[in-house]
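Working notes for the structure below.
The values are calculated or read from the model by the stated rules, or taken from the named source; none is laboratory data. The structure displayed is predicted, hence computed values, not measured ones. Note that we place each Cβ from the backbone using ideal geometry, even for glycine, and neighbour counts take in every protein chain shown.
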Amino acid sequence: MANTPGAKKAVRKIERRTAVNRNRRSRVRTYLRRFDEAVTAGDAAVAATAFTEAQSELMRAVSKGVVHKNTGARKVSRLAAQLKKLTLA
């Protein structure tokens with residue numbers, strides 16, 4: 001358990017930051033789910049808009065430090081591949 005005032009403050013800061021990051025991560029997952037649902041439904045137009053939103057949200061999470069840069073790039077790349085596959089079919 002934290003004993004010093006500085007350590008107690010650090011614990012409070014970590015709790016706040018964890019809550020914010022949890023919300024951001026949840027938001028990213030929501031947009032990814034929407035894209036996945038659009039792809040599953042086979043609707044290319046809806047999937048294209050969902051892709052744009054999901055990409056934007058993922059890169060925002062990267063800039064905020066919630067997701068690593070390479071992880072965000074990999075996920076966006078895979079989403080783009082899914083979208084391309086859907087539009088060609």
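Is at least one residue of the stretch 72-82 assigned to a helix (DSSP H, G or I), hydroxyl-bearing (S, T, Y) and without any contact (Cβ under 8 Å) to a residue 12 or more places away in the chain?
yes
I'd like the residue in the stretch 38-49 that is touching a residue at least 12 places away in the same chain (Cβ under 8 Å) and within 19 Å of the chain's Cα centre (by Cα) and, out of all such residues, is farthest from L79 (Cα to Cα).
My answer is A38.
Among V62, V76, which is of a type outside the set (S, T, N, Q), in contact with a His (Cβ under 9 Å, 6 or more places away or on another chain) and at pLDDT 95 or above?
V62
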